[in-house]
Amino acid sequence: MTRPELYLDAAATTPPLPAVIAAMQQLQQSAWANPSSLHGAGLAAAEALERARWRMAERFGVGADQLIVTSGATESVHLALLGSAAGLAPGRVVISAVEHPAVIAAAYQLEAQGWSVAEWPVNGQGVVRLDQLDQLLSSPTRLVSLTAAQGEVGALQPLIQVAQASRERGIVIHSDATQLVPQGCFPFERLGVDLLTLSAHKFRGPRGVGLLIRAPGVALSPLQGGGGQEHGLRSGTEPVALVSGMAEALMALPSFDPVSHPVPPGSSAQIRRQRDHLLERLLELPQLRLCGPPVTDRLPHHISLLANAADGRPLPGRELVRRLAAAGVACSSGSACSSGSSSDSDVLTAMGIPRPERQSGLRLTLGSWLSDQDLDIVPDRFSSVLESFS
Ligand SMILES: Cc1ncc(COP(=O)(O)O)c(C=O)c1O
């Protein structure tokens, strides 16, 4: 019997919304020209691009000139860290111990330019330890990058507090909000950061496009030269249809105020209820344990688990993911970008999870394409897969 696959891997990527596909299809036909061209076709493309830019700027409460379109979060992160460091004397860059590999790579590139890198330790739930704040933000720290929400274990970080403390000390603060924005959009200035990264494919937009949002007055140097697009900060002919698709997807997100509501509302009205119900049923299985923060303090669509066999032996997360996929449940063992390797999870290691369990992490992340009936099937499928290890 073939089983329909239930997609519970929203943190890896999401299916584009029908409205996004429709908008992009239409623009590929009506605004396919180079937006820098001065003829009618070029002007139509430029107009579509600027319309999308204005819509996105409005969504974040910023000026259109504060948005830099990139190819996605990996590029935004590199532009944020390397581009802001270019105008600073080398010092210390602080990143959390649970950043995405893109942030780690960008920070360590700065080492070659005379910077030192410090990793901000996290507690057992994957949240940065605020008792380290004064020490880590002391001289010679000049740059901080702290994820807004951790993708592997769903931990929300005390970003507003860290941003305020950084700014008070004249430190440039960037946040990778790739996993936060899909669960709710907010006025940019409420976070108090200098630079913010996001990626459209995580919130039902197209893959291959993202944004870096910049606070007024934050100095940034481009990583590449060329035609001078994006205010000279990201040369290259703009992908009008992708940008318009990203704007369309942003419009579909709920809004929230991160100051009064540190936990975002979730990509759909029912997602938190669905997640709580699914988690409750999964935790009835004695082989599964919640890993990371409690439901009240984590991303509202996110479940992270540690899995044991009946005899208590930790189960290999990657093999579990394969067997769950064969049983029709698509999920992930930790960060999708690192699931090609079978090493210990760096995030679970940083959280102090004991060695044998660092490979037994599982991540389930929900989206609005899942119905209650879909999710009702998941615990039984889990149960059979867990049985298959005995
Ligand atoms: C937190 C975080 N940052 C950065 C990225 C990289 O995003 P992109 O695929 O848009 O380059 C991801 C993707 O998994 C992510 O989850």
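The values are calculated or read from the model by the stated rules, or taken from the named source; none is laboratory data. None of the values given here were measured: they were computed from a predicted structure. We place every Cβ from the backbone using ideal geometry, glycine too, and count neighbours over all the protein chains shown. Quick note on the areas: whole protein, heavy atoms, side chains included, nothing else; ligands and nucleic acids left out. Shrake-Rupley method; radii C 1.70, N 1.55, O 1.52, S 1.80 Å.
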Out of all the residues in segment 222-249, which are open to solvent by less than 40 Å² (accessible area, probe 1.4 Å) and either outside the structural domain of residue 24 (by TED's automatic domain parsing) or of a type in the set (Gly, Ala, Ser) (or both)?
228, 232, 235, 236, 241, 244, 245, 247, 249
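The rows are residues; the columns are (1) under 30 Å from residue 354 (Cβ atoms); (2) among the acidic types (Asp, Glu); (3) in a loop (DSSP other than H, G, I, E, B).
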{"position": "62", "(1), (2), (3)": "no, no, yes"}
{"position": "76", "(1), (2), (3)": "no, no, no"}
{"position": "89", "(1), (2), (3)": "no, no, yes"}
{"position": "117", "(1), (2), (3)": "yes, no, no"}
{"position": "132", "(1), (2), (3)": "yes, no, no"}
What is the number of the single condition among (1) open to solvent by less than 10 Å² (accessible area, probe 1.4 Å); (2) over 17 Å from residue 201 (Cβ atoms); (3) assigned to a helix (DSSP H, G or I) that residue 58 does not meet?
(1)
If you go through segment 82-90 one residue at a time, do you hit one that is surrounded by fewer than 18 Cβ atoms within 10 Å (Cβ to Cβ) and under 16 Å from the mean Cα position of the chain (by Cα)?
no
Please enumerate the residues belonging to segment 41-55 that are open to solvent by 70 Å² or more (accessible area, probe 1.4 Å) and either outside the structural domain of residue 236 (by TED's automatic domain parsing) or over 27 Å from the mean Cα position of the chain (by Cα) (or both).
43, 47
Any chance residue 159 is modelled with pLDDT of 95 or more, more than 12 Å from the ligand (Cβ to nearest atom) and in contact with a strand residue (DSSP E or B) (Cβ under 9 Å, 6 or more places away or on another chain):
yes
The listed residue being away from the ligand (no atom under 13 Å from the Cβ), open to solvent by 10 Å² or more (accessible area, probe 1.4 Å) and either modelled with pLDDT under 95 or not β-branched (Val, Ile, Thr) (or both), out of 207, 167:
167
Within segment 287-324, how many residues are in contact with a strand residue (DSSP E or B) (Cβ under 8 Å, 6 or more places away or on another chain) and open to solvent by 70 Å² or more (accessible area, probe 1.4 Å)?
2
Just to be sure I understand the filter: pairs with C-beta atoms under 6 Å, separated by 6 or more residues or on different chains, first member in segment 176-195 and more than 16 Å from the ligand (Cβ to nearest atom), second member assigned to a strand (DSSP E or B) and aliphatic (A, V, I, L, M). Which pairs pass?
188/213; 194/172; 194/173
Check on residue 78, open to solvent by 10 Å² or more (accessible area, probe 1.4 Å) and either touching a Cys at 6+ places or on another chain (Cβ under 9 Å) or in contact (Cβ under 8 Å) with a residue 60 or more places away in the chain (or both)
yes
Evaluate the following for residue 58: is it among the acidic types (Asp, Glu) and closer than 30 Å to residue 369 by Cβ?
yes
Selection from segment 1-40 of residues that are over 21 Å from residue 206 (Cα atoms) and either within 16 Å of the ligand (Cβ to nearest atom) or open to solvent by less than 40 Å² (accessible area, probe 1.4 Å) (or both):
37
Among (1) in contact with a Leu (Cβ under 9 Å, 6 or more places away or on another chain); (2) not in a helix (DSSP H, G or I) - the single one residue 36 does not satisfy
(1)
Go through 98, 103 for me and flag whichever is within 16 Å of the ligand (Cβ to nearest atom) and touching a Gly at 6+ places or on another chain (Cβ under 6 Å).
98
Considering each residue of segment 118-152, count those that are out of contact with any Gly (no Cβ under 7 Å at 6 or more places or on another chain) and surrounded by fewer than 16 Cβ atoms within 10 Å (Cβ to Cβ), and give that number.
9
